[in-house]
Amino acid sequence: MSAPERDYYEVLGVARDASASDVKHAFLGKARELHPDVSNDPDAEAKFKEVNEAYSVLSDPRRRQNYDRYGDADGPSGFGSMDDIFGGFGSMADIFSDFFGGGQGRRPARSRGRDMTARIRVSLAEAATGATRTIAYDRLGVCDDCHGTGSADGSEPEPCPVCGGTGMRTVVQSTILGRMQTSVPCDECHGTGFVVEDPCPTCDGQGRVPTHEVVEVVVPVGVRNGETQRMEGLGEAGWRGERAGDLVVEFEVLGDPRFVRRNDDLAAELAIDALEALCGCNVEVEGILEDERFFVEVPAGSLEGDQIRVESRGMPRRGSGGRGDFIGVVSVSAPPELSDDELETIASISRAHGGRVPASLSGVQA
Ligand SMILES: [Zn+2]
Ligand SMILES: [Zn+2]
């Protein structure tokens, strides 16, 4: 299916939040009105197809969601769902279904190899230092025996005699609304418009065969969760030497119980007690790099939730060599257990400042 010419909701005349039953009603109404057997409109057939296409998308929750989000019922081009990573090889039907890269002219897009996706999980510490990972996956790779040509004797592909090189054939389908003419990919040439005289027996003329790949991926220093990296040509090989798809690696940066990442800054709790909060203190903390330790100066009179920033002790920044900041968030707990004498000393200071300490405290020593 190519990019829709008109908005599907507009075609059916329903609102974007129309319910499934509204969509169905609208479709049946339009279909009755436009059915080529009953309509006098010279464009009825084209309009009827348009309505059918709109309905086929809006009546399928997953495709409708894709359409709403990406403007394409098949989802964002070049980025498959995470479920079909490493799922081995799609059926032939999958491989030849439509994978349009988005408007690069009339070239039969189905002959290009599909992009594949992989996810790499790294710890926050690995994201800080960078890492290398080896991933193994299955894909359709170039057939070595025919070097991807699909031809056993190396002869050039010729235009398909069945479809005349168009890659499409017309079929008449019976639907509940009557007979409809549609175009489907040609079986003989799988929609490519070309055939080879003497197909390579190894790949059955496809030019690609199942292969197992092992690839090293460099995890960049400072990588952020959800960042992707495109590895050109490492996706599915193209049909008979057409361009291969890419391998799109998505990095998932796992959480670290010690830190909360805010872009390149790292926040961590600074646990101190009430006396330390009163007097100020020097707290040694762990950094994100291996064996990194440093001190955070907590000023006297700090309160719960105060934030103390230490420059350049956060995450290494992507590409720049610098680092974000460390942000200590003060968490004040009860003071240590104090003796009566200690408590009286503190009480007398408080009293001198108008503190409303209990009178009983002064009686302790009497
Ligand atoms: Zn081959
Ligand atoms: Zn054909």
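Looking at the chain alone, DSSP beta bridges between its own residues are antiparallel in about 75 percent of cases. Comparing LEU266, SER360, PRO157 along the charge dipole axis of the chain, the residue lying farthest to the positive side is PRO157, per the Cβ-charge model.
Report, in debye and to the nearest 20, how large the dipole of the stretch 206-250 comes out about its Cα centre when Lys and Arg carry +1 and Asp and Glu carry -1 on their Cβ.
Details: 5 positive and 8 negative charges, 26 e Å.
The calculated dipole for the stretch 206-250 is roughly 120 debye.
Does the stretch 190-313 come out rounded, prolate or oblate by the C-alpha gyration tensor, with a ≥ b ≥ c the root eigenvalues, rounded set by a/c under 1.5 and, if not, prolate when a/b is larger than b/c and oblate if not? It comes out prolate by the Cα gyration axes.
Each residue, ASP341 and ALA15, gets one label point 7 Å from its Cα in the Cβ direction; the gap between the two is 7.8 nm. Taken about its Cα centre, the stretch 134-236 carries a charge dipole of about 700 debye when Lys and Arg each add +1 at the Cβ and Asp and Glu each add -1 at the Cβ. Comparing LEU177, LEU338, LEU12 in a Gaussian network model of the chain, where Cα atoms under 10 Å apart are tied by springs, the biggest mean-square fluctuation is seen for LEU338. Counting only cysteine Cβ atoms and a cutoff under 4.7 Å, the chain contains unmatched residues CYS279, CYS281.
Between GLU33 and VAL171, how high is the FRET efficiency from 1/(1 + (r/R0)^6) when r is the Cβ-Cβ distance and R₀ = 25 Å? Nearest 0.05. So, using R0 = 25 Å, E works out to roughly 0.50. Here the peptides 345-357, 150-162, 112-124 are ranked by packing, the mean other Cβ count within 10 Å, and the order with the highest first is 112-124, 150-162, 345-357. Among 200-210, 179-189, 238-248, the peptide with the highest mean count of other Cβ atoms within 10 Å heads the list, and the full ranking is 238-248, 200-210, 179-189. Rounded if a/c is under 1.5, else prolate if a/b beats b/c, else oblate: with a ≥ b ≥ c from the C-alpha gyration tensor eigenvalues square-rooted, which is the stretch 260-333? Prolate, since a/c reaches 1.5 and a/b exceeds b/c. Computed from label points 7 Å out along Cα-Cβ, the spacing between LYS24 and THR134 is 5.4 nm.
Each Cα pair under 8 Å and six or more residues apart adds its separation to the average, and for the chain the resulting relative contact order is 14 percent.
Based on Cβ point charges of +1 for Lys and Arg and -1 for Asp and Glu, what charge dipole magnitude is obtained for the chain about its Cα centre, in debye rounded to the nearest 20? Present the calculation step by step, with values, prior to reporting the outcome.
On the way: 38 positive and 63 negative charges, 218 e Å.
Roughly 1040 debye for the chain.
Report the extension gain between GLU290 and ASP153 in nm, rounded to one decimal, defined as 0.36 nm multiplied by the number of residues separating them, less their alpha carbon distance.
Values: separation 137, 0.36 × 137 = 49.32 nm, distance 5.83 nm.
So the extension gain works out to 43.5 nm.
Restriction of the GluC sites (Glu not before Pro) in the stretch 255-314 to DSSP coil positions whose beta-carbon has at most 16 other beta-carbons within 10 angstrom yields GLU290, GLU292, GLU304, GLU311. Solvent-accessible area of the chain (1.4 angstrom probe, protein heavy atoms only): carbon and sulfur portion equals 49 percent. Multiplying the residue separation of ASP68 and GLU213 by 0.36 nm and subtracting their alpha-carbon distance yields 48.7 nm. Taking 0.36 nm per residue of sequence separation and removing the Cα-Cα distance, the ILE349/ASN282 pair yields an extension gain of 21.8 nm.
Judged by the ratio a/c of the largest to the smallest principal axis of the C-alpha gyration tensor, the chain counts as oblate, that ratio being 1.5 or greater while a/b is no larger than b/c. Relative contact order for the stretch 260-333: what is it in percent, counting Cα pairs under 8 Å that are at least 6 residues apart? Taking the mean separation of contacting Cα pairs over the length of the stretch 260-333, I get 40 percent.
In square angstrom, what is the accessible area per residue of the chain with a 1.4 angstrom probe?
Numbers: 20870 Å² over 366 residues.
Accessible area per residue: 57 Å².
Under the criterion of Cα pairs below 8 Å and six or more residues apart, the relative contact order for the stretch 158-267 equals 17 percent.
Restricting to DSSP H runs of at least four residues, report the calculated mean residue ellipticity at 222 nm for the chain, -39500 (n - 2.57) per run over all residues, nearest 500 deg cm²/dmol. Value at 222 nm, helices only, nearest 500: -6000 deg cm²/dmol.
The values are calculated or read from the model by the stated rules, or taken from the named source; none is laboratory data. Bear in mind that the values here come from a model prediction, so they are computed numbers and not experimental data. So basically every Cβ, Gly included, is an ideal-geometry build from the backbone, and we count neighbours across all protein chains shown. Protein only, heavy atoms only, side chains kept; ligands, DNA and RNA dropped before computing areas. Shrake-Rupley method; radii C 1.70, N 1.55, O 1.52, S 1.80 Å.
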